[in-house]
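Everything on this sheet refers to the single structure shown next.
The values are calculated or read from the model by the stated rules, or taken from the named source; none is laboratory data. Computed from a predicted structure; not experimentally measured. A quick note on method: Cβ atoms are made from the backbone with ideal geometry, for glycine too, and the neighbour counts reach across all protein chains shown. All accessible areas refer to the heavy atoms of the entire protein, side chains included, with ligands and DNA or RNA removed. Shrake-Rupley method; radii C 1.70, N 1.55, O 1.52, S 1.80 Å.
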Amino acid sequence: MSATAPPAGGDGVDHVDERLLRTTPLKKLLARPELGSVVGALAVFAFFAVAADSFLRPASLGTVLYAASTLGIMAVPVALLMIGGEFDLSAGVLVTSSALVSSMFSYQMTANVWVGVGVSLLVTLAIGAFNGLMLTRTKLPSFIITLGTFLMLTGLNLGLTKLITGTVSTRSIADMEGFPSARSVFASTLTVGGVELKVTILWWLGLVAVATWILLRTRFGNWIFAVGGGADAARAVGVPVHRTKIGLYVGVALCAWIAGQHLLFSFDVVQSGEGVGNELIYIIAAVIGGCLITGGYGSAIGSAVGALIFGMTSKGIVYAEWNPDWFKFFLGAMLLLATLLNAWIRKRVEATK
């Protein structure tokens, strides 16, 4: 009788492709990057529902969603950029730069405000492309590149505004042609079920949906994860690393333009010093949402949940009538807790594979 040959592999152990293994719904849930942030969001919601009597009022929830949306519009592209393994420290002031270009070009050229909006789009996208090109050409860390852009934009915002208007803010453009239609697109208010909701909430949800589709259903999404997981390995299998990173920075610029137009058409004037420090809040929202600092892991939905936690915390403290100085403490605590929870979940998932 002949001996039975051992299975291919030579060690006498059956080897099964892990892609063919059945995955339970629980394991799929635990593998989601945004799980930790969802748990945190539920905890924050329950906490302020008890601590602040007015927190659950429809008008209050509309205010919370608005605060989350103004942050979430930028947290989405920043999350994608972090999944791709990079940072953008100029994102906060870029929003202000976009608004300033729209306002000053429209006012100085006495043109329809939509002309200023269009010029602002081109300028903002060019700044995003500049960040991406500098990163890929110089090989310097994104921290250094975008820190330099941050400082330059901060100086330009203040210097050019003072030079052109003589003050630190722009002139009012509320009486210019095209202002009402532009406000309806970027800063209008909708009434849904008796609750007033800002149009930025629709912009935010739309961006989350598009970003999620890109990440999970397109080749570019695969490139983002590959580049964040390891640029050299991604390049070895044919991923256009440079184009992918430039595209991510252009995406950040596009969303900065949207946020900047909302800033302008909400108040019709812009303070040149706004936006400084917001870039850190965008990063915090992405990290709370499950993005890793090292790249290659995260989701757009997670960034939305992180932004929602920001909105609930910032407004919940007000509704609870606490000192607003506590906001930064809660934000920092949520950052640490969410990061620790995400790390614990990933270890549990890897241990069960």
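So with the 1.4 Å probe, I'd like the accessible area per residue for the chain, rounded to whole Å².
Numbers: 17650 Å² over 353 residues.
Here the per-residue accessible area is 50 Å².
Return the carbon/sulfur percentage of the accessible area of segment 199-324, one whole number, probe 1.4 Å, all protein chains in place. Don't skip to the answer; put the middle values down first.
Values: 3300 of 5010 Å².
Percent of accessible area from carbon and sulfur atoms in segment 199-324: 66.
Which angle between 0 and 90 degrees, to the nearest 10, do you get for helix 113-138 versus the longest principal axis of the chain when only C-alpha atoms count?
The helix 113-138 is inclined about 40 degrees to the chain.
Give a residue-ordered list of calculated ³J(HN,Hα) values for segment 143-160 (Karplus: 6.51 cos²θ - 1.76 cosθ + 1.60, θ = phi - 60°; whole Hz; x for Gly, Pro).
Each residue's phi maps through the Karplus curve to give 4, 6, 4, 6, 5, x, 5, 4, 5, 5, 5, 4, x, 5, 4, 6, x, 5 Hz.
Under 5 Å between amide H atoms, partner at least 5 residues away or on a different chain: which partners does Glu177 have, H built in plane at 1.01 Å?
Result for Glu177 returns Val113.
Set the Förster distance to 30 Å, then compute FRET efficiency between Val50 and Ile293 from the Cβ-Cβ distance, nearest 0.05.
Working: r = 33 Å, r/R0 = 1.10.
FRET efficiency, Val50 to Ile293: 0.35.
Using DSSP to define loop residues, name the chymotrypsin sites (Phe, Trp or Tyr not before Pro) in segment 82-114 whose beta-carbon has at most 15 other beta-carbon atoms within 10 Å. Please list the in-between numbers first.
On the way: sites: Phe87, Phe105, Tyr107, Trp114; in loops: Phe87.
Passing sites in segment 82-114 do not exist.
Please give, to one decimal in nm, the separation of the simple spin-label points placed at Arg243 and Val168, each 7 Å out from Cα toward the Cβ.
Simple spin-label model gives 4.5 nm for this pair.
Taking Rh as the Kirkwood radius, which is the inverse of the mean 1/r over Cα pairs, what is the Rg/Rh value for segment 127-255?
Numbers: Rg = 19.7 Å, Rh = 18.2 Å.
My calculation puts Rg/Rh at 1.09.
What stretch of the chain, leaving out the sites themselves, is the longest with no GluC sites (Glu not before Pro) in a DSSP loop having at most 16 other Cβ atoms within 10 Å?
Numbers: sites that count: Glu177, Glu321.
Within the chain, the longest run free of exposed GluC sites (Glu not before Pro) spans 1-176.
Can you list residues whose amide H is under 5 Å from Lys198's amide H, if they're 5+ apart or on another chain and H is modeled 1.01 Å from N?
For Lys198, the qualifying residues are Leu190.
Given charges of +1 on the Cβ of Lys and Arg and -1 on the Cβ of Asp and Glu, with all other atoms neutral, how large is the dipole of the chain about its Cα centre, in debye to the nearest 20?
The calculated dipole for the chain is roughly 600 debye.
Determine the principal axes of the Cα atoms in segment 119-193, then give the extent along each, sorted from largest to smallest and rounded to whole angstroms.
Each principal axis gives a Cα extent; for segment 119-193 these are 49, 40, 22 Å.
Given just the C-alpha atoms of segment 216-353, how large is their convex hull per residue in cubic angstrom?
On the way: hull volume 21.4 nm³, N = 138.
Given the Cα convex hull of segment 216-353, per-residue volume reads 155 Å³.
One quarter of the convex hull surface, Cα atoms only: what value does that give for the chain in nm²? Kindly include the intermediate steps, with their values, before the conclusion.
Working: hull surface 90.6 nm².
Averaging across all directions leaves 22.7 nm² for the Cα convex hull.
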